[in-house]
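Shown next, in structure tokens, is the structure this report addresses.
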Amino acid sequence: MIPSVRPVESFLFSSTSFILARLPASLNPPQAIAMAISLPNPVYMATKIHGWQENDAEPEETFLAMDFSVTKLTEGLVAPAAPTPPDTLPLSFMDKTPGSVGLVDSIHVFRHGRQPAKIVREALSEALVFYYPVAGRFATSDQDELEVACTADGVYFIDASASCSLEDVNYLQLPLSVPKESILPYPSPDAGQTEGIVILLLQVTEFTCGGFTVGIRSSHAIFDGIGACQFFQAIADIARGGTEPLVKPIWCRDAIPGPPKLQRGPPPPLPTFKFEDTTLDISSDRINRIKDEFIKKTGTFCSTFDVLTAKVWQSRTRAIQLEEHSTVRIGFAANARHLLYKSLLKEEGYYGNCTYPMTITAPRRKVANGSLLEVISLIKNEKQSLPIRFSKWTMGDPQEDPFKEPIDHRFLSISDWSRVGFSEVDYGWGTPIHFCPVNDYNFFASCIFLRPPAPKQGLRLMARCVAKQELASFQDQLLEFATE
């Protein structure tokens, strides 16, 4: 069972939400949705099919790429397996930041499965009885606030078949060798009429080797990373034969304190950068050696997050061309559940957004010219201010508005997916070989921490944060660190 409360060292986020949340807080839900649709990874509008469509005729759609093809066998809406309350539920202010209306895309790769689409679809239907808001639709209140209408319309589900083995497509490691649209759930154009904003879409694709993938597109307004994993753990609990989730969900969005709305001007134009991709695995031994050095020098512990964030930040700062006296920034989401559980969230099971968008600013010289241990100390010390920052933010202190910092070339977004819990999701045939978000944005610099494919130990860095002329310097620094 994955606990719904993570310790303070758990820092995780969707980079896209961190960036998009800097849009004006004054936007109403329709404006926020329209703005999100205009971005590179648009909100996907749900198509309504009345009931699950089992196709005995020709398959609906086929994606082709070289010798690779994926055929959609069936697609449609999966509703809860039993009647659910027809509630209209509020969202917290964290759920309603403009960036949260977008969908988070990820691919989860499993080595074995027997009729995985059937098993996952049936377990999904049962899990939706407990997580019935996920089967609902977004609505707008009389006060022009985003909320969830629990309509039981269902989750969009696609059953698909690939013409090759997972090995043929390198187990779908990034960068993908196939179109992401073939593995992620995009409803067919002729699927039906548009009915509003869908909360969750799934696609289970079976490969000739017996393996399968689960492609997920989920609304950040309903789940943060921990919450999404809790939901998929619930599906897995039932897929393995359980009658109910091991962790019972709670809504409790009104328990999250909402600060007064801060007035912001019009959104700044989103820049466009031509960043290059870098993927590198760092062994547990290498990370632990740095942790040991830090303990010997300071007498205190540091986390894996501290070590890798410091190294990526320092390597990028040295690689990019900035003025000597400029400042550089990193941003990441800090899990805030532990700050609310004793006072507001009385039970485990909360699956909404509960994070603080932390930004750390430092002089370029301090990051570039300092030792790695000094940069680790800088990050570690700033993290300790989380309780105070979070408290001031929820009370509406304008000086603690975490979204006031601009997004430019000096900013680097860090997302830690390694500790969210998706690597422990088991539908009955074992945990995934690997999973990864599908990140193809070029309007901010980003680095994502992932678990490397089994049986490797350590962490995988997936960075898109430097231009072509800066790539060699950035990669050389990381490679030297990884191989020392």
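Scanning segment 124-164 for residues that are small (Gly, Ala, Ser) and closer than 13 Å to Val204 by Cα yields a count of 3. Restricting attention to segment 110-143, the residues that are surrounded by 22 or more Cβ atoms within 10 Å (Cβ to Cβ), touching a Leu at 6+ places or on another chain (Cβ under 8 Å) and under 14 Å from Val425 (Cα atoms) add up to 2.
Only one entry of Lys296, Lys274 meets the criterion of being at pLDDT below 90 and either of a type in the set (Phe, Trp, Tyr) or surrounded by fewer than 23 Cβ atoms within 10 Å (Cβ to Cβ) (or both), and that entry is Lys274.
Only residues that are farther than 21 Å from Val109 by Cα and part of a loop (DSSP other than H, G, I, E, B) were counted across segment 437-476, and they come to 4.
What's the total number of residues in segment 425-446 that are farther than 15 Å from Pro175 by Cβ and at pLDDT 90 or above? Summing the residues that are farther than 15 Å from Pro175 by Cβ and at pLDDT 90 or above in segment 425-446 gives 11.
Residues of segment 181-190 that are out of contact with any strand residue (DSSP E or B) (no Cβ under 7 Å at 6 or more places or on another chain) and either under 19 Å from Thr208 (Cα atoms) or surrounded by 16 or more Cβ atoms within 10 Å (Cβ to Cβ) (or both): Tyr186 alone. Within segment 413-431, being assigned to a loop (DSSP other than H, G, I, E, B) and among the hydrophobic types (A, V, I, L, M, F, W, C) holds for Trp417, Val420, Val425, Trp429.
Scanning segment 162-180 for residues that are aliphatic (A, V, I, L, M) and either exposed (fewer than 13 other Cβ atoms within 10 Å of the Cβ) or modelled with pLDDT of 85 or more (or both) gives Ala162, Leu166, Val169, Leu172, Leu176, Val178. Residues in segment 396-435 that are within 18 Å of His112 (Cα to Cα), out of contact with any Pro (no Cβ under 8 Å at 6 or more places or on another chain) and buried (at least 21 other Cβ atoms within 10 Å of the Cβ): Pro432, Phe435. Of all residues in segment 389-412, one or more are on the phi > 0 side of the Ramachandran plot, outside the structural domain of Val120 (by TED's automatic domain parsing) and part of a loop (DSSP other than H, G, I, E, B). Going by the conditions given, is Thr317 polar (S, T, N, Q), within 26 Å of the chain's Cα centre (by Cα), modelled with pLDDT under 95 and surrounded by 16 or more Cβ atoms within 10 Å (Cβ to Cβ)? No, not satisfied.
The values are calculated or read from the model by the stated rules, or taken from the named source; none is laboratory data. Here the structure is a predicted model, which is why all the values come from computation and not from measurement. In this analysis, Cβ positions are derived from the backbone assuming ideal geometry, glycine residues included, and neighbour counts consider all displayed protein chains.
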